[in-house]
Amino acid sequence: MAILSKNIICFGIALLATQGVLAAPTTRSDNCDFGTPNPSNWPSTYQTQWCGMINNEVTTLKTMENPATVLGDIKAKFAQALIKVSPDSTLPNIDNIMKDPQARAAMTQMKANFPAFGSMDLTAEDIQKVYADAIKTACAKTGVPEDMMVKIIWVESKGHPLVYQGLTQIDYVAWGQMADENSSLKNRYMPSDNIMASAMFLKKAKDQYGGDWETTYSQHYQDPNAKSRGS
């Protein structure tokens, strides 16, 4: 899987004790970070830096996934691969992403990690916590080990829900193929859909080429054009 966003800064968080602590979703027109609550002792200088980084991520995502420039190519790829789902399902709706409870939990943890660790990246432990529902569901369906999915999310995006190409960096065609097989998959950028499609793709690659999960990930997910060691 082509990794096009390795150098994009990602984010990290401390999940709050109850759901009610998370602020209600807002849109970017209301707030630079969708109303993500501030950690304690959060100075204004941090907010300025934080908003700058969020703005950079959102600008990158909007630019790289501008329908006017990419949708035609996606349609052509789908037609060539005989993919039936809508090409629009590959593109992000940023406000919708940030209405997702897991995406909001991730953003909250990222904001908490920034002053605490000097980085907004999520740790593997953070990822296992904030995306727990999606990971457990995808792994139960596909048989992919949970620690493997946590690793994929950590390596590919550091858990940031607004990174270009999504949490698992599953590409347009791989997404379309998995969405054709599973009609519950609606959008490549929504956390649960993205993680499920990634797990399905990894499982199919392992079934096809054999080997262990790590080999499947390194040879047929990160680089799906690589030849199997057994071929």
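The values are calculated or read from the model by the stated rules, or taken from the named source; none is laboratory data. Quick caveat, the model's predicted, so the values are computed rather than measured. Cβ atoms come from the backbone with ideal geometry, glycine included; neighbour counts cover every protein chain shown.
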For this session: Would you mind listing the helices (runs of 4 or more DSSP H) fully within segment 79-148 where at least 3 residues are out of contact with any Cys (no Cβ under 7 Å at 6 or more places or on another chain) and not β-branched (Val, Ile, Thr)?
Result: 101-117, 124-130, 132-142
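To keep it simple, each residue is scored yes or no on (1) surrounded by fewer than 19 Cβ atoms within 10 Å (Cβ to Cβ); (2) charged (D, E, K, R); (3) touching a strand residue (DSSP E or B) at 6+ places or on another chain (Cβ under 8 Å); (4) outside any helix (DSSP H, G or I).
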site	(1), (2), (3), (4)
151	yes, yes, no, no
156	no, yes, no, no
162	no, no, no, yes
180	yes, yes, no, no
185	no, no, no, yes
193	no, yes, no, no
196	no, no, no, no
206	no, yes, no, no
Problem set entry | segment 78-129, subset among the polar types (S, T, N, Q) and crowded, with 16+ Cβ neighbours inside 10 Å, residue modelled with the lowest pLDDT | 113
Exercise. Do you know which residues across segment 168-197 are touching a helix residue (DSSP H, G or I) at 6+ places or on another chain (Cβ under 6 Å) and either of a type in the set (Val, Ile, Thr) or over 12 Å from residue 90 (Cα atoms) (or both)?
Worked result: 168, 170, 173, 191, 192, 195, 196
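With the condition kept exactly as written, say whether any residue in segment 24-33 is at pLDDT below 90 and assigned to a helix (DSSP H, G or I). Spell out how you get there, then give the answer.
First, the residues of segment 24-33 that are at pLDDT below 90: 24-33.
If we keep only those that are assigned to a helix (DSSP H, G or I) too, we end up with none.
No, there is no match, as no residue in segment 24-33 is at pLDDT below 90 and assigned to a helix (DSSP H, G or I).
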For this session: Run residue 150 past the list (1) over 29 Å from residue 76 (Cβ atoms); (2) touching a residue at least 60 places away in the same chain (Cβ under 8 Å) and report the number of the one that doesn't hold.
Result: (2)
For this session: Quick one: residue 140 ticks every box in (1) hydrophobic (A, V, I, L, M, F, W, C); (2) free of Cβ contacts under 8 Å to residues at least 24 places away in the same chain; (3) within 25 Å of residue 78 (Cβ to Cβ) except a single one, so which number is it?
Result: (3)
